[in-house]
1. I'd like the full set of residues that are under 13 Å from Gln103 (Cβ atoms) and either modelled with pLDDT under 90 or out of contact with any Leu (no Cβ under 9 Å at 6 or more places or on another chain) (or both), limited to region 149-167.
2. Just for region 55-98: of the residues that are in contact with a Leu (Cβ under 8 Å, 6 or more places away or on another chain) and not hydrophobic (A, V, I, L, M, F, W, C), which one is farthest from Arg137 (Cα to Cα)?
3. Residues to consider are Ala149, Ala84, Ala89, Ala144; find the one that is over 25 Å from Gln36 (Cβ atoms), in contact (Cβ under 8 Å) with a residue 12 or more places away in the chain and either within 15 Å of the chain's Cα centre (by Cα) or outside any helix (DSSP H, G or I) (or both).
4. Return yes when Leu41 is touching a His at 6+ places or on another chain (Cβ under 9 Å) and surrounded by 14 or more Cβ atoms within 10 Å (Cβ to Cβ) and no when it is not.
Amino acid sequence: MKRDVAAQRILSAMIVVLSCLILVPSLNAAGQDPLQVARLLSQARQEAIRLREDTNQMRDFALIDVTWETHGVYADMIRDDIRAMQQKAELLDESRGCSLESQKSVIDQIDPLINELVATTNEVYEAIGQRTSDRVRYTGYLEANYDHAERLARLLSDSFRRSLIASKKHKGNSKLMFH
C-alpha cells in the first residue's frame, strides 16, 4: 500500500515536471506582446536600412571605375546584411503567436523579399566571379538588388510606425480590461 502511494506520488511529480517543461515555452511566447514584436520590427528595419545603403553604394559602382575586388567586398557586406535580415525574420516568425494581424501581414512579406535579394545577390557573385564584360546585365543585377532592399526597408519603416501605434493601443486596451 505504501509503495502504491509512493509510486503515485512519484508519478504525479513526474507529470507535474513534464507539464512544466511543456508549458514553459508556451508561457514565454504568451508573455510576449505586440509591443515586443514592434521592437523586433524596428530592429529588422535598421538591418533593412543598412542593407539598402550597401546595395545603393554598390549600385553606384556601375557609374565609376572600381576594381572587381571592391565589388567583391561590397557583395560580402550585402551577403552579411542579408544573413542578419534572415535572422531577424526567423525571430519575427517565432513571435507570430503574439503579433497583431497587421504585424503578421508584414512578417509574411519579409521572406519573399529576402529570397529575391538572395537570388540577385547570387547573380552579382556569379558576375563578379566571371569578371563579366556585360556591364548592362551586371548593372541590372545591382539595380534589382537595390530595388529589393528599398522595398524591404520601406515595408519595415512603414509597418513599424503602424505596428507601434497599434500595439500601444492594444496594450492600453489590456490595461482597461484588467484594471
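1. Scanning region 149-167 gives Asp158, Ser159, Phe160, Arg161, Arg162, Ser163, Leu164, Ile165, Ala166, Ser167.
2. Ser95
3. None of the others qualify; the one that does is Ala149.
4. Values: touching a His at 6+ places or on another chain (Cβ under 9 Å): no; surrounded by 14 or more Cβ atoms within 10 Å (Cβ to Cβ): yes.
So Leu41 does not fit the description; no.
The values are calculated or read from the model by the stated rules, or taken from the named source; none is laboratory data. Since we're looking at a predicted model, the values are computed, not measured. In this analysis, Cβ positions are derived from the backbone assuming ideal geometry, glycine residues included, and neighbour counts consider all displayed protein chains.
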